[in-house]
1. Counting residues that are closer than 30 Å to residue 68 by Cα, which strands (runs of 3 or more DSSP E) fully inside the range 167-257 reach at least 1?
2. So which of 297, 315, 279 is in contact (Cβ under 8 Å) with a residue 12 or more places away in the chain, in the same structural domain as residue 190 (by TED's automatic domain parsing) and within 18 Å of residue 218 (Cα to Cα)?
3. Any idea how many residues of the range 139-169 are out of contact with any strand residue (DSSP E or B) (no Cβ under 8 Å at 6 or more places or on another chain), touching a residue at least 40 places away in the same chain (Cβ under 8 Å) and farther than 23 Å from residue 43 by Cα?
4. For a quick check of your reading: which strands (runs of 3 or more DSSP E) sit entirely within the range 484-560 and have at least 3 residues that are outside the structural domain of residue 168 (by TED's automatic domain parsing) and surrounded by 16 or more Cβ atoms within 10 Å (Cβ to Cβ)?
5. Could you tell me which of the residues 292, 312, 217 is more than 16 Å from the chain's Cα centre (by Cα) and on the phi < 0 side of the Ramachandran plot?
6. Please work out which one of (1) free of Cβ contacts under 8 Å to residues at least 60 places away in the same chain; (2) surrounded by fewer than 17 Cβ atoms within 10 Å (Cβ to Cβ) is the condition residue 246 fails and give its number.
7. Restrict the check to the range 67-76 and report whether at least one residue is touching a helix residue (DSSP H, G or I) at 6+ places or on another chain (Cβ under 9 Å), within 27 Å of residue 288 (Cβ to Cβ) and in the same structural domain as residue 278 (by TED's automatic domain parsing).
8. Taking the condition of being surrounded by 13 or more Cβ atoms within 10 Å (Cβ to Cβ) and touching a residue at least 12 places away in the same chain (Cβ under 8 Å), how many residues in the range 33-45 meet it?
C-alpha cells in the first residue's frame, strides 16, 4: 500500500501517542490501591519490572540486599537509572550532563517519600518528565528500608536509624547509598524524608558542615531553594527551608540517646552539621546535597496528599537542575578538582574543621514562621473582602483554606534563632594517616566510604605526629564525642610495620578523612563505642598523622572489592 509522506508522518505520530498514553497510564502500586495501602518491596519489584519493559530509558539494578532477621527475610535494594541513552553502568553515563541521585524512605515509617520516588521514576521513564533526560541523568533508590516500611517503624531490620549511620556505615542500606554515590559520582543528591504535620508542606535543607565549600550553600540558597519554592507556589504548596528545633545548649542530632536533665528553652536552626546523615555525608565530597522533608500525619488517610507534596518537591529539583546543567557541572566538578589540589598543597589557611556550633546572626535576630494551632471550630475558608457582622457572605467571597479545617494558621516569632554555623576547633590537613594493622575495623569503614586505603609492604622508620591524651571526660552516650578531650601533639620516630595501613588525604574524601580519624573530631569514629578508640588519660591515640614525606612501599589494599 502506498502512503503519502504526510499520511505516514501522521500515522507515526498517532502510534507514538497511543504508546505514550498506554505507558503513561501505568499506575504506581499506591495509585493501584488508591492510596489505601503502603507499597511493599514485592510491589516495587513488580512495578519496576513492568515499567522497564515499557521504557528504553530505564534500567533497574540490584544494588544491595538487606540482612535476614528472625521476623523478616532479606530484601533486594533497587537502583533505577534513567538516562536518555538507556545505560546501566557508570562507565556508560553521559558525563556532559549532571547526575541527580535521589534516595527515599531511610526511615521506614516515612512512607510518602517512597511513593513519590516511584511516581518520579514512572514520569521520567514514560511520562511528561522524560524530556528532562536530554539535560540530566537521574538515579533513584526508591526504597532504602524494606523492613521499616513493612512494620511502619523508623529503624531497619537490625534496629539502626539509617539516617544516623552515614559515618560508621553498619547498615546494608547506608553502605548501598555510599556505593551508588562512589560508583556514579552524582553532582546533586536529595535524601527524601517526612516530618510532622507542618504548615510548610515541603521543606528542603542544604548542606551546613563548614568543610563543604561555602559556594555550594550559597548556590543552594540563592538558586535551588528559591526555584523549588516558586514551582511549589504555582501548585499552591507551602514551602520553607528545612528548620529544626532543639533544646538550647544541646545538640540531639547525632542520634545519641540523650535528653536534657532539666527544663530548657527551645532553639531553632537549619538542620545539622553532622556527617552521619545522608545530606552532609555526601555533601562533604563537594556535592549539591539536599534533604527534603514532607509534612505528614503518618496515616493512610493523608497518604495521597502528602505523596503529591513530596513528588512536586523532588520533581522541582529535577526541573531546576535540567535548566542549569552546565552551571552545575562547572560548580561541582570545579570544587572537587580544587579540593584535591588543596589537599596536596596543605596550606595553613585551609584547615579541616572538627568542632562547630550554631550561633546567632545579628543581621537576622529572629525567625518569623507560620504554623498550625488547634481551632475551637472548623475553618470554612478565608474572606477575600472586608465584612461586618450581619452582612451577607457569598461563596465567591471566600478563598479555600489550605490547612486542615481543625487547625488555624498563626504567625510565630522565634527569638532563639541560630542560623549560622561557627568553627570551634580546626586542624591542618596532614599528608595522611598511619593505621596499625590491628585496626581492621577502622579500615573496613574507610573502604565502605570508597576511601582508598594502602598497605605498607616493607618496614620503614617514619616521623609521625602522635596525640597524647592530656585530659579526658568520656562521652555519656554512644554516638557522642567525648565531653572533653585535650591532646598534646608530639613528633615521634615510629616503625611503620609491614601490614600497617596508610590513608592519603590527597583523594576525593580529603575533608572526610580527618573528620573521621582525628581524636578531637565531633564527627569521627572515636564517638562510637564499637571502635573502642578512646584512650585513657596519658596514653596515645591509636592513629598517627603523617605530616612530611616518607619513603613507604605501598600496595593498594582490597582493590578487588
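1. Correct list: 188-194.
2. Result: 279 is the single residue among 297, 315, 279 that is in contact (Cβ under 8 Å) with a residue 12 or more places away in the chain, in the same structural domain as residue 190 (by TED's automatic domain parsing) and within 18 Å of residue 218 (Cα to Cα).
3. 7
4. Hits in the range 484-560: 484-496, 501-504, 544-546.
5. So the residue among 292, 312, 217 that is more than 16 Å from the chain's Cα centre (by Cα) and on the phi < 0 side of the Ramachandran plot is 312.
6. (2)
7. No, there is no match, as no residue in the range 67-76 is touching a helix residue (DSSP H, G or I) at 6+ places or on another chain (Cβ under 9 Å), within 27 Å of residue 288 (Cβ to Cβ) and in the same structural domain as residue 278 (by TED's automatic domain parsing).
8. Going through the range 33-45 one residue at a time, the tally reaches 9.
The values are calculated or read from the model by the stated rules, or taken from the named source; none is laboratory data. The shown structure was predicted, so the numbers you read here are calculated from the model rather than taken from an experiment. Using ideal geometry, Cβ is built from the backbone for each residue, glycine included, and neighbour counts are taken over all protein chains shown.
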